[in-house]
1. Report the relative contact order of segment 27-92, percent, no decimals, based on alpha-carbon pairs under 8 angstrom and at least 6 residues apart.
2. Need one number: % antiparallel among DSSP beta bridges in the chain, to the nearest 5.
3. Going by Cα centres, segment 41-70 and segment 93-120 are how many Å apart?
4. For the chain, modelled as a GNM with alpha-carbon contacts under 10 angstrom, which of Ile150, Ile51, Ile20 fluctuates the most?
5. Rolling a 1.4 angstrom probe over the protein chains, ignoring ligands and nucleic acids, what is the accessible area of Thr79 in square angstrom, nearest 10?
6. For Ser19, Ser35, what's the largest-to-smallest order of accessible area, 1.4 Å probe?
7. Select from Leu87, Leu37, Leu50 the residue whose mean-square fluctuation is largest in a Gaussian network model of the chain (Cα-Cα springs shorter than 10 Å).
8. Find the accessible area per residue for the chain; the probe is 1.4 Å, ligands and nucleic acids are left out, and the unit is Å².
Amino acid sequence: MSRVRAKKNLGQHFLKDKSIASRIADSLTGQGYSSVLEIGPGTGILTGFLIERNFPDFRVIEIDNESVHYLEASFPQLTNIIRGDFLTLDIDSLLQKKLGVIGNFPYNISTQIFFKVLEHRNRIVEVTGMLQKEVAERICAGPGSKTYGILSVLLQAFYDIEYLFTVAENVFSPPPKVKSGVVRL
């Protein structure tokens with residue numbers, strides 16, 4: 001698959017199924033924005049499909065140096081690699097336009113990613129993310145559901161949310177212990 005080793009401390013589980021990566025990339029509508037930021041591209045399986053979509057301003061943010069080197073070698077046309085952590089990224093100074101955000105979010109920080117999206121909801125028009133299925137279902141839960149909580153309430157106040165599909169554990173390396181869900185805001 002690649003020369004990048006998944007790091008447990010970064011919550012890395014690399015997607016290896018291209019058809020699922022294609023479905024995730026195709027779920028971005030591109031309506032109302034021309035900039036796209038991919039969070040945690042890892043080995044770039046989703047990145048390749050996003051490059052094919054020809055967004056006018058496509059960037060990735062990756063915290064893992066080994067992944068950054070791999071991406072630079074594998075995708076020479078990818079000139080906007082941001083080395084760093086999305087949670088500490090100064091979105092306002094870096095990206096002046098409306099944008100879409102996409103990624104296979106590390107399970108251990110997916111909730112924090114969505115809170116950061118909320119902070120920048122005037123700039124972030126659309127989000128497609130793959131995360132732990134149970135968190136994805138909680139984000140989509142309606143009032144009265146026992147999983148309806150603060151994140152559901154806040155995200156649903158500002159975004160229309162859709163649960164797109166479920167992803168099995170065996171399409172990742174290493175496989176996580178839980179299923180994943182893909183959502184679009």
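1. Working: 79 pairs, mean separation 20.9, N = 66.
It rounds to 32 percent for segment 27-92.
2. Numbers: 12 of 31 bridges.
If we restrict to bridges inside the chain, about 40 percent are antiparallel.
3. 15 Å
4. Its mean-square fluctuation being the largest, the pick is Ile150.
5. 110 Å²
6. Details: Ser19 75, Ser35 5 Å².
Final ranking, largest accessible area leading: Ser19, Ser35.
7. Leu87
8. 48 Å²
The values are calculated or read from the model by the stated rules, or taken from the named source; none is laboratory data. Remember, predicted model here, so these are calculated numbers, not experimental data. Ligands, DNA and RNA are stripped out before the accessible areas are found, and what is left, the full protein with its side chains, is counted by its heavy atoms. Shrake-Rupley method; radii C 1.70, N 1.55, O 1.52, S 1.80 Å.
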